[in-house]
Amino acid sequence: MRELSVRVESSALDEALRETPGTLIKYLKEGVSRAGMEVSRTTREEAPKAETTLTHSIRSNVVGELQRMITSNQNYNQHVVAGTGRQGMPPMQSILDWVKVKRLQPKNAKQDQNDLAFMIARSIARNGTAPNDFYDRAADKTADRVADILNASVAAGLRAAGLRSL
């Protein structure tokens, strides 16, 4: 799991936190919520797509007052991220659906999409699947934007608390 932390050090910030913590926390909560939505949107864009079940299940979940976790509730989520080793044959219908969504065609004209799905399933059983850490890619793509959102939230909170500049 990837964690992004932003640290703001300022005596003016300490004063604002002592005098009007509710104001600053309110603005930070809004910023964290907005940042979580943006990261989850980018994560959905980075996620592999076949039937879009995984993509549609990615959410920004509240795990603390100023914390969000971007994750999916699908039981195969971790297998996509970490990859798999050798395993049994995956469900043929799932592989066939994926082949159809991707509009893949076998190179050999004597074979059809069912044959191609079987060959892919057999390869997965023998070799596993490669890792696809789309969460990490999304975190990398959004790190600067998240920092901008949180910095703007802190600045707005400080202004609302009566502090004009740092």
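For this structure, a couple of remarks:
Quick grid of which residues meet (1) modelled with pLDDT of 95 or more; (2) within 18 Å of A47 (Cα to Cα); (3) more than 27 Å from the chain's Cα centre (by Cα); (4) in the same structural domain as V39 (by TED's automatic domain parsing):
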site: H79; (1), (2), (3), (4): no, yes, no, yes
site: M92; (1), (2), (3), (4): no, no, yes, no
site: I95; (1), (2), (3), (4): no, yes, no, no
site: W98; (1), (2), (3), (4): no, yes, no, no
site: V101; (1), (2), (3), (4): no, yes, no, no
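- The numbered conditions (1) modelled with pLDDT under 95; (2) in a helix (DSSP H, G or I); (3) not assigned by TED's automatic domain parsing to the domain that holds K49 are all true for L150 except (3).
- Complete set of residues in region 122-146 that are within 15 Å of E38 (Cβ to Cβ), surrounded by 15 or more Cβ atoms within 10 Å (Cβ to Cβ) and more than 12 Å from the chain's Cα centre (by Cα): V146
- Restricting region 111-134 to residues that are of a type outside the set (V, I, T) and not in a helix (DSSP H, G or I), the residue that is farthest from E51 (Cα to Cα) is Q111.
The values are calculated or read from the model by the stated rules, or taken from the named source; none is laboratory data. Everything quoted here is computed from the prediction, not taken from an experiment. Note: ideal-geometry Cβ built from the backbone for every residue, glycine included; neighbour counts use all protein chains shown.
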